[in-house]
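Engineer: Once you've had a glance at the structure underneath, I'll fire off some questions.
The values are calculated or read from the model by the stated rules, or taken from the named source; none is laboratory data. This structure is a prediction, so every number in the text was calculated from the model and none was measured. Note: ideal-geometry Cβ built from the backbone for every residue, glycine included; neighbour counts use all protein chains shown.
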Amino acid sequence: MKINILKTITRIFLILVIMNLVSCSVQSKLNRTYTGKNEEFLIENLGKPVTVYRLGKGEKVDVYEKKKRLSKTPINTGRFQYDSFDSPQATKIETFKFLINSSGTIKEVQYECRYER
């Protein structure tokens, strides 16, 4: 029983490490795609922002959210496992924040990802 728990914890840890590495690559791809482009390019690709925060000196932050419902997934389904165990359903929420200067050029991009159960 302890071996199964240890295997499950190891798998969860590996999944979290992989997700962290993937999120880093998403951040760099967003920076290459959007930094230096104008606000119209952003609206053409992502549509209207969910929230806009006005900063001083004509700068603003446009916030976009993308939600995806993740279904439950079987965990630890070895051949000799009697009881099935599924991960809970969750919602993946990706948040994209674009810092736009007073001339309408994207200066910075931030990416966040969280899960709600």
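Engineer: Select from region 93-107 the residues that are part of a strand (DSSP E or B) and either hydroxyl-bearing (Ser, Thr, Tyr) or modelled with pLDDT under 90 (or both) and list them in ascending order.
Structural biologist: Just the residues of region 93-107 that are part of a strand (DSSP E or B), to begin with: 93-100, 105-107.
Across region 93-107, the qualifying residues are Thr95, Thr105.
Engineer: Which residue pairs have Cβ atoms closer than 6 Å, lie 6 or more positions apart in sequence or on different chains, and pair a first residue in region 67-92 that is at pLDDT below 75 and in a strand (DSSP E or B) with a second residue that is surrounded by 10 or more Cβ atoms within 10 Å (Cβ to Cβ) and small (Gly, Ala, Ser)?
Structural biologist: These pairs meet every condition: Ile75/Ser87.
Engineer: Looking only at region 88-114, count how many residues are under 17 Å from the mean Cα position of the chain (by Cα) and surrounded by fewer than 11 Cβ atoms within 10 Å (Cβ to Cβ).
Structural biologist: Adding up the residues that qualify gives 1.
Engineer: Further, regarding this structure: How many residues are surrounded by fewer than 10 Cβ atoms within 10 Å (Cβ to Cβ) and modelled with pLDDT of 70 or more if we restrict to region 1-24?
Structural biologist: Qualifying residue count for the region: 0.
Engineer: Okay, next question. Within region 38-61, is even one residue modelled with pLDDT of 80 or more, surrounded by 10 or more Cβ atoms within 10 Å (Cβ to Cβ), of a type in the set (Lys, Arg) and in a helix (DSSP H, G or I)?
Structural biologist: no
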